Amino acid sequence: MEIGNLIRMANRIGQFFEAMPDRHEALEGVANHIHKFWEPRMRNELLDFLARSPDGDAGDTRLHGLVLEAVTQNRQRLTPVARAQ
């Protein structure tokens, strides 16, 4: 999936959770949603993008600040477990 599309999807999640009055709860909501509903390949692409661009700036689009913080804080939990072959 193209990173611009992933950023737009993640930003919609961030916009939803930014309405929560408790920032910690909002950050947890973003991380939980991405962990539960994004397939491993999508999470890997987002994490790889952030490894290359830690500020979340893709040039034509930018990762929502809440999403950037949530993913950065929860990188280990969001990293898919490699399957043994």
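The values are calculated or read from the model by the stated rules, or taken from the named source; none is laboratory data. The structure presented is a predicted model; accordingly, all values stated were derived computationally and were not measured. Backbone-built Cβ (ideal geometry, glycine too); neighbour counts: all protein chains shown. Just the protein is used for accessible areas: all its heavy atoms, side chains included, with ligands, DNA and RNA removed. Shrake-Rupley method; radii C 1.70, N 1.55, O 1.52, S 1.80 Å.
What order do you get for 27-34, 45-52 when each peptide is scored by the mean count of other beta carbon atoms within 10 Å, highest first? Kindly include the intermediate steps, with their values, before the conclusion.
Details: 27-34: 19.9, 45-52: 14.6.
Peptide ranking by packing, descending: 27-34, 45-52.
May I ask you to list the residues of the range 1-35 whose amide nitrogen lies under 12 Å from a point 7 Å from Cα along the Cα→beta-carbon direction of D48?
Residues 1-3 fall inside that zone.
Does a label point 7 Å from the Cα of N32, set along Cα-to-beta-carbon, have any residues of the range 51-85 with amide nitrogen under 14 Å, and which are they?
Within reach of a label on N32, which here means backbone N under 14 Å from a point 7 Å along Cα→Cβ, the range 51-85 contributes nothing.
What accessible area per residue, rounded to a whole number of Å², is obtained for the chain using a probe radius of 1.4 Å? Don't jump to the answer; show the numbers that get you there.
Details: 5420 Å² over 85 residues.
Per-residue value: 64 Å².
In percent, how large is the relative contact order of the chain, given Cα pairs closer than 8 Å and 6 or more residues apart? Intermediate values should be presented prior to the final figure.
Numbers: 78 pairs, mean separation 34.7, N = 85.
It rounds to 41 percent for the chain.
Taking 0.36 nm per residue of separation and subtracting the Cα-Cα distance, what length does fully extending R75 through R23 add? Each step should come with its number before you reach the end.
Values: separation 52, 0.36 × 52 = 18.72 nm, distance 1.79 nm.
Full extension of this stretch gives 16.9 nm more.
What does the range 6-74 give for Rg and for Dmax, in Å, if only its C-alpha atoms count?
11.1, 31
Take the solvent-accessible surface of the protein heavy atoms, probe 1.4 Å, and return the percent of it on the chain that carbon and sulfur atoms account for. Please report the intermediate quantities before stating the final value.
Numbers: 2770 of 5420 Å².
Answer for the chain is 51 percent, counting heavy atoms of protein chains only.
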